[in-house]
Amino acid sequence: MTTKATLLKTLTATAVLCALTATAQAATIGGTDVTYGGYVKLDAMWSDYSDGVPAGGSIGRDFYIPSTTPVGVDVDSDPVFDMHARQSRFFLGTATKLDDGKEVKTKIEVDFIASAPGGDERVSNSYAPRIRQAFITYDGWLFGQAWSNFQNVGALPETLDFIGPAEGTVFVRQAQVRYSTGNWSFSLENPESTITTQGGARATIDDSTLPDFTARYGMKADWGEFVVAGLARQLTYKQNGLDADETSFGISASGKVNFGENNLKFMLTQGKGLGRYIGVNVAHGAVLNGDELDAIDSTSGFIAYQQNWNSQWRSTFVYSFFSADNNTDLLAITGDPTKSSQSYSANILYSPVKKLTFGAELKHAEREVESGNDGDMDRLQFSVKYAF
């Protein structure tokens, strides 16, 4: 049995070793390896909107959310400045070798962005931690909350913004059961429908009788990697005496191509009723038309090139887009939904040492609604990040 003194000695030695080597933190307690890590990040943003400024509590002021770009107001507003450390995150992981030689692992990860404030910006600037991921892996299986199997996290470019190509990427974390074998993985994931109701209001419905289903194939080679993923799910609206459902499906292709020390990342996604899976829910999954659901078709994608200037300096250039094929015959119900969104960004990153990064990023974003009204945002962002 490990004594308290022995355990303290082990943890102290591990801490010293980590400080010297700057590798992932780790300790062994009994038969379990424990790791932890994360980063601390400060973001400072100067944002200039063409059609009014989102309220101070808007999530679009903390990071780029396409649907929060105001349109059609045409007012002369001054730029706004915001600063926060809410993207900072922490994870704890374990790995335990079993008697049969297999290994069971766990991971819990939290951050503070997009969570309810525990105070205010007058004094405390307190924010509640939120679960990003919490899962178990064993013998090819994953149980818990993790990135959707429909998303390729490896294709996300390095940006100062929290997401980066927000309108062009699949971006979902949720509870799931996943099985991986070879290059294939399959999952059953938590369902949720976002439905447009009268006047363009969004109804979030959790009445599906089936989980969302995904299948994914990935391959890696010296030239880079390529992933193709499919999604099938049921959209539902079971409210106010109605019982409507519709099938939703989509396909996404993404990857990375290496050019020596540089790389090109990309994603292209098309589907019917993708809703919350794309663009941080810039469009809903379907429109409630009488007692039926009319799924919204969409196409989205991004392309990002990273140039490493030398061992300390690098830049990423990103173009991202989203386009919805709204049924214009239903505008009396939907109001004035988003028709398209696109953004461009470029940054410069400096890492005097591997885990410390200073950066500046310029982003231009545009959003247009079905009436033809549009609006744009220009944002200059500065960040300092230290990973541990």
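Residues that are within 15 Å of residue 65 (Cβ to Cβ) and buried (at least 19 other Cβ atoms within 10 Å of the Cβ) within the stretch 373-384 comprise 375, 377, 379, 381, listed in sequence order.
Yes or no, residue by residue, for (1) surrounded by fewer than 17 Cβ atoms within 10 Å (Cβ to Cβ); (2) closer than 18 Å to residue 154 by Cβ; (3) touching a Gly at 6+ places or on another chain (Cβ under 6 Å):
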| site | (1), (2), (3) |
| --- | --- |
| 170 | no, yes, no |
| 189 | no, no, no |
| 217 | yes, yes, no |
| 229 | no, yes, no |
| 234 | no, no, no |
| 244 | no, no, no |
| 252 | no, yes, no |
| 257 | yes, yes, yes |
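Cβ-Cβ distances below 9 Å connect the following pairs, each with a first residue in the stretch 85-112 that is without any contact (Cβ under 8 Å) to a residue 24 or more places away in the chain and closer than 20 Å to residue 27 by Cα, a second residue that is surrounded by fewer than 16 Cβ atoms within 10 Å (Cβ to Cβ) and not small (Gly, Ala, Ser), and a separation of six or more residues or different chains: 98/104; 98/138. Out of the residues in the stretch 24-48 that are under 16 Å from residue 109 (Cβ atoms) and under 22 Å from the mean Cα position of the chain (by Cα), which is surrounded by the most Cβ atoms within 10 Å (Cβ to Cβ)? It comes out as 41. Residues in the stretch 80-112 that are modelled with pLDDT under 95 and either under 18 Å from the mean Cα position of the chain (by Cα) or not charged (D, E, K, R) (or both): 98, 101.
Residue by residue, here is whether (1) exposed (fewer than 15 other Cβ atoms within 10 Å of the Cβ); (2) touching a Leu at 6+ places or on another chain (Cβ under 7 Å) holds:
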site	(1), (2)
282	no, no
290	yes, no
307	yes, no
310	yes, no
321	no, no
342	no, no
351	no, no
371	yes, no
386	yes, yes
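Return the residues of the stretch 245-282 that are closer than 20 Å to residue 207 by Cβ and either at pLDDT below 95 or charged (D, E, K, R) (or both); say none if nothing qualifies. Selection gives 245, 246, 272, 276.
Within the stretch 311-331, is there a residue that is on the phi > 0 side of the Ramachandran plot and in contact with a helix residue (DSSP H, G or I) (Cβ under 9 Å, 6 or more places away or on another chain)? No, because not a single residue in the stretch 311-331 is on the phi > 0 side of the Ramachandran plot and in contact with a helix residue (DSSP H, G or I) (Cβ under 9 Å, 6 or more places away or on another chain). The number of residues in the stretch 121-148 being on the phi < 0 side of the Ramachandran plot and part of a strand (DSSP E or B) comes to 16. Cβ-Cβ contacts under 8 Å between residues 6 or more apart (or on different chains), taken from a first residue in the stretch 269-285 that is in a loop (DSSP other than H, G, I, E, B) to a second residue that is among the aromatic types (Phe, Trp, Tyr) and surrounded by 24 or more Cβ atoms within 10 Å (Cβ to Cβ), are listed as 279/322; 282/322; 283/322.
Can you find a residue in the stretch 15-34 that is among the hydroxyl-bearing types (Ser, Thr, Tyr), modelled with pLDDT under 90 and over 28 Å from residue 357 (Cβ atoms)? Scanning the stretch 15-34 turns up at least one residue that is among the hydroxyl-bearing types (Ser, Thr, Tyr), modelled with pLDDT under 90 and over 28 Å from residue 357 (Cβ atoms).
Please go through the stretch 113-159 and pick out each residue that is aliphatic (A, V, I, L, M), free of Cβ contacts under 8 Å to residues at least 12 places away in the same chain and touching a strand residue (DSSP E or B) at 6+ places or on another chain (Cβ under 7 Å). Result: 153, single match.
Scanning the stretch 211-228 for residues that are under 17 Å from residue 277 (Cα atoms) and aliphatic (A, V, I, L, M) turns up 215, 227, 228. Pairs linking a residue in the stretch 188-209 that is more than 22 Å from residue 173 (Cα to Cα) and touching a residue at least 24 places away in the same chain (Cβ under 8 Å) to a residue that is outside any strand (DSSP E or B) and among the polar types (S, T, N, Q), with Cβ atoms under 6 Å and 6 or more positions apart or on different chains, are 196/334; 200/334. Take the stretch 104-120 and flag every residue that is part of a loop (DSSP other than H, G, I, E, B) and surrounded by 13 or more Cβ atoms within 10 Å (Cβ to Cβ). Once the filter is applied, which keeps residues that are part of a loop (DSSP other than H, G, I, E, B) and surrounded by 13 or more Cβ atoms within 10 Å (Cβ to Cβ), the stretch 104-120 yields 112, 113, 114, 115. Pairs linking a residue in the stretch 307-322 that is part of a strand (DSSP E or B) to a residue that is among the aromatic types (Phe, Trp, Tyr), with Cβ atoms under 6 Å and 6 or more positions apart or on different chains, are 313/350; 317/305; 319/344; 320/302.
The values are calculated or read from the model by the stated rules, or taken from the named source; none is laboratory data. Quick caveat: nothing in here was measured; it's all calculated off a predicted structure. Cβ coordinates were reconstructed from backbone atoms using ideal geometry, including for glycine residues, and neighbour counts include every protein chain displayed.
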